[in-house]
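What follows is a short report on a single structure.
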Amino acid sequence: MSCCSPELPEVPTEIPDVEGPLPTTKRGLGDLSLTRREFSKHTAIVASFLSAAACSTDSMDGFVKSRLREMDRNELKDLISSLERKYKKRFNKDVQVRATPAAEGVRFAYALDLSRCVGCRRCVHACVKENNQSRPNPDGDHNNPIQWIRVLEMNKEEGVDLAHATPYYNPEEVPREGKFYMPVQCQQCENPPCTKVCPVQATWKEPDGIVVVDYEWCIGCRYCMVACPYGARRFNWAEPYLPADQVNPNMHVMGNRPRLKGVVEKCTFCIQRSRNGRYPACVEICPVGARKFGNLLDPKSEIRSVLENKRVFILKEDLNTQPRFFYFYGI
Amino acid sequence: MDARFLRIIMQFALAFGLAAFSIALTTGCDPAPAKASHKAAVDEADPVHADKANLPPAELGLPPNPLNMPNAASQTFPVPKPPISNEMWPCSSCHDSPEEVNRTRRVLKEEHTNIVLHHDEENRWCLDCHDATNRDVLHLASGVTITFDESYRLCGQCHGDKYRDWKVGVHGKRTGSWSGEKQYLLCVHCHSPHSPHFKPLKPEAPPVHPDQIR
């Protein structure tokens, strides 16, 4: 196990693959997870602490719940109904938590047309609403607004140049003369460096290609954030702020259910929607039709049309992360 | 489908990816499309892929067969309701006497004063698209009439490349389910037919700068 590796990863490709079969021991969650998270919160990212935190859980068997990834159907059912009860109480409305599994013969992929995108950020905010991200807290000291999509503004003259891109542009109207826009979110890599560095395997790639996080199991070490070459993961530094009237009650256990302080989160291709046949919220909202989504294995899908008819590129190809998120120029 | 197949797609994508990237770098990847690509071709969009056998005779330059329904055999797509304003529909509620059509190009003063053509206007007049005798339909250059929920065929006459991309889901947008029923937004859901340039938008709020996070 790489959980006791003493160093922060620098080069993702050198991290040993820990994605093999997982140990089958059941571990406790419940309040324990908080303890683990608190633990790492109060420490800097010091590896010795981390390994202590990760390993300390080994000795705490006997709790009812297990990690999401190891649960059988009955355990999932129990978890879901306890979550639904908990959220119903917290938000004072009916909440549906699903655990829809990956469908056979489905590999999700995404494509984004850079010649259409106008940088309007409709996607960013639709994503926040759909996925129950922490909102700006109007009166708290711990402001922790979280957005999974970042739209970068760049100069047409320079082409794709991440070093000189800004997400903070705010003119009256977009697109601005001489600029183009590149939204970046989790690239759902086929070969994800983030999952490999997780010391507790709280993040992994699902059979349909979606990279997910077990919020209860995440210890908040943020190795994955360092390993991600796309800056696509977000950390809940403060207690997430999610007013009841803004909660999206259609949830998935591995997706948009409320997060806890001290855990990492990221885009899941709207797993609560996509696994039920719907387009992700960002695709649905896009006013220019720049966002394409579908099953790579379906020859009639829009995504296959893009791959077959347009020249696509991927970000940071040389890292061999093999994103399932393509960019193209529809012109 | 197996992993090998997937790999082939990926290699394909990667190979082109490199090419596209270098093109992007050398050309400054100007997303503004070349205006030169507009040619006012009169036949229906796609000479290569259009299934000619499916086109009505008039679109093939043949005399129309009176027994044929105008569009029965042509390719149609599921679309949402055309965005025509309710108070204007049906057009025939006012345009009810085809004999009295004024075909001259002029500034409209009595009605439709909000419509100003900014769409190749030197070469175009309303009745190039709207049918003079039945105002509830559009007509193609061939004279074939089509309903408003097929207006993509009208646009496709001159914008063959975009029409082709739209048909396969690359240009424009589909709603519904990625795995099932879909609807294709009409060209006119995004482009006003009278002034089709895509209008600039007000951006939503930018992210909070780290300096401003308490």
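Which whole number gives the average count of other chain Cβ atoms within 10 Å of the Cβ atoms across peptide A:287-294? Kindly include the intermediate steps, with their values, before the conclusion.
Values: counts 6, 5, 11, 1, 1, 5, 2, 4.
The shielding value for this peptide is 4.
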With every protein chain in place, what's the accessible area of B:Thr76 (1.4 Å probe, Å², nearest 10)? 80
Could you run the Karplus curve 6.51 cos²θ - 1.76 cosθ + 1.60 with θ = phi - 60° over segment A:278-289 and give me ³J(HN,Hα) per residue in whole Hz, x for Gly and Pro? 8, 6, x, 4, 5, 5, 5, 7, 4, x, 9, x
Under the Karplus relation with 6.51, -1.76 and 1.60 and θ = phi - 60°, whole-Hz ³J(HN,Hα) for segment B:91-98, x at Gly and Pro, equal 4, 5, 5, 9, 7, 10, 10, x
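Counting only other chains, what is the mean number of Cβ atoms within 10 angstrom of the Cβ of each residue in peptide A:274-284? Provide the component values of the computation, followed by the final result.
Numbers: counts 2, 1, 2, 6, 6, 8, 1, 0, 0, 4, 4.
Per residue, the average neighbour count from other chains is 3.
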Probe 1.4 Å, protein heavy atoms only: A and B together bury a total accessible area in Å², to the nearest 100, of 5400
Hey, can you list the residues from segment B:192-206 whose accessible area shrinks by 10 Å² or more with all protein chains present, relative to the chain by itself (probe 1.4 Å, no ligands or nucleic acids)? B:Phe198, B:Pro200, B:Leu201, B:Lys202, B:Pro203, B:Glu204, B:Ala205, B:Pro206
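Quick check on segment A:108-328: take the gyration tensor over C-alpha atoms, sort the square-rooted eigenvalues as a ≥ b ≥ c, and tell me if it's rounded (a/c under 1.5), prolate or oblate.
Values: a/c = 1.44, a/b = 1.20, b/c = 1.20.
Cα axes put segment A:108-328 in the rounded bin.
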Total charge of the residues flanking B:His194 in space, meaning their Cβ is under 15 Å from its Cβ, with Lys and Arg +1 and Asp and Glu -1, is -2
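Any idea what the dipole of segment A:108-328 comes to, in debye rounded to 20, about its Cα centre with Lys/Arg Cβ at +1 and Asp/Glu Cβ at -1? Don't skip to the answer; put the middle values down first.
On the way: 29 positive and 25 negative charges, 76 e Å.
With only Lys, Arg, Asp and Glu charged at Cβ, the dipole is about 360 debye.
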Here the gain from full extension of A:Asn170 to A:Asp245, 0.36 nm per residue of separation minus their alpha-carbon distance, amounts to 24.2 nm
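Accessible area per residue, 1.4 Å probe, Å², for segment A:108-328: what's the number? Intermediate values should be presented prior to the final figure.
Numbers: 6570 Å² over 221 residues.
Normalised by residue count, the accessible surface of segment A:108-328 is 30 Å².
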In nm, to one decimal, how far is the B:Val116 label point from the A:Asp161 one, both placed 7 Å along Cα→Cβ? 3.8
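Considering only protein heavy atoms and a probe of 1.4 Å, how much of the accessible area of segment A:108-328 is carbon and sulfur, as a whole percent? Spell out each step's value before the answer.
On the way: 3130 of 6570 Å².
Ligands and nucleic acids excluded, carbon and sulfur reach 48 percent.
The values are calculated or read from the model by the stated rules, or taken from the named source; none is laboratory data. Remember, predicted model here, so these are calculated numbers, not experimental data. When we count neighbours, we look across all protein chains shown, and the Cβ atoms used for this are built from the backbone with ideal geometry, even at glycine. Heavy atoms of the whole protein, side chains included, go into the accessibility calculation; ligands, DNA and RNA do not. Shrake-Rupley method; radii C 1.70, N 1.55, O 1.52, S 1.80 Å.
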